[in-house]
Each structure stands twice: as structure tokens, then as C-alpha cells.
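Enquirer: Below are the C-alpha cells for one structure; questions will follow.
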Amino acid sequence: MDTQFHVLAVDDSIIDRKLIERLLKTSSYQVTVVDSGSKALELLEVRETGVNLIITDYSMPEMTGYDLLRKVKGSSYLKDIPVIIMSSENVPSRINRCLEEGAEEFFLKPVQQSDVNRIKPHLMREKPNSLKRKAMVECISPDRTRKYSSNNNNSLCSIFLQNICE
């Protein structure tokens, strides 16, 4: 793997934390593990952590993985971080609820290497906010001002300006 992605693993079970940590490290991911949703949020508040993906257990005391998912997806700063939920309980309504709230995947425990192999595509997609940032940089860059005029409706700059000014 060319780039080492940073995965935040959240699970209240030490056995499951160790298992997911080992599987992720075997796949060359940088891994940070915490034992609760509240600790995950504390870590995520430090913007320099560079977390690229969160994988969290569903059933945890105090804050469930579903609660963590909702907080992440409800945050303007964190919402583009992919979240994967894992659980030992195969409850279709729970799985659907998590996917509808924005979870990328739902893994059944015990997590296996084949599950971990499904993570990488979620890390490789360019997120909408990164496209906005790219458009903004191109718009305000002096050498690109003429290239991205307002009468060029297909440019990232025009799209960005239309969305920001509306």
C-alpha cells in the first residue's frame, strides 16, 4: 500500500479491539484503538489526528456505535470520514438503520481479513468536501482566474461559485 491510512477502531471489548487492530495492522493501516464512543469523539476533536476511517462496535455502554455514527455524520468537520459498524448480532433492522444513517458497511463479528479487505475502496473515493476545497483553491488562485470565468459553466469554479453564492 502506497499511503498508510489511519483507522480509528472503537470497541469496548479488549479481545475484539486486539483482533481488529491486528487485522488492520496486517493490512498496513495505521491504527488507533479506543474503548468507547466518547473517547473516539475526544480523539476526533483533535483535528491533527488525520483519521481516514472509523470502525466501531455497535453495542457499547454509554454511547453506542450508532450514536457515534450519528455524531460523526452530524458534524460538518467529521461527516466525510467513512464509518463502518460491526456487531456480533445479525439484526436486519439495526443494519439497515446504520446504513441509512451513513455507515459505509456493517461487518458481523468476528471481523475477518476478508472484511478488512473491503475497507480500502471507502478510503480511495474523493469526498464532496475535498472537491469543494479543490474548486475553491482553483478559483482564488490568481493564475487560474481567467481560465475559470463565470461564463464557463462546466468548470469546478463555476459550480463552486454557484453553490456558495446561492
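Enquirer: Quick check on the stretch 4-87: take the gyration tensor over C-alpha atoms, sort the square-rooted eigenvalues as a ≥ b ≥ c, and tell me if it's rounded (a/c under 1.5), prolate or oblate.
Expert: Oblate shape, in that a/c is at least 1.5 and b/c is the bigger or equal ratio.
Enquirer: Filter the GluC sites (Glu not before Pro) in the stretch 1-71 to those in DSSP coil with at most 10 other Cβ atoms within 10 Å of their Cβ, and list the result.
Expert: Passing both the DSSP loop test and the Cβ count: GLU62.
Enquirer: Something else about it: Go through 27-33, 73-79 and give me the packing order, highest mean Cβ count within 10 Å leading.
Expert: Per-residue mean Cβ counts within 10 Å order the peptides as 27-33, 73-79.
Enquirer: Then there is this: Among ILE14, ILE95, rank each residue by its count of other Cβ atoms within 10 Å, from fewest to most, as a rough exposure measure.
Expert: ILE14, ILE95
Enquirer: Next question. Taking 0.36 nm per residue of separation and subtracting the Cα-Cα distance, what length does fully extending ASN90 through SER27 add?
Expert: Once the chain is fully extended between ASN90 and SER27, it gains 20.1 nm.
Quick note: the coordinates plus some simple rules give every number you see, no bench work behind them. Quantities reported herein were computed from a predicted structural model and do not represent experimental measurements. As a convention, Cβ positions derive from the backbone with ideal geometry for all residues, glycine included, and neighbour counts pool all protein chains shown.
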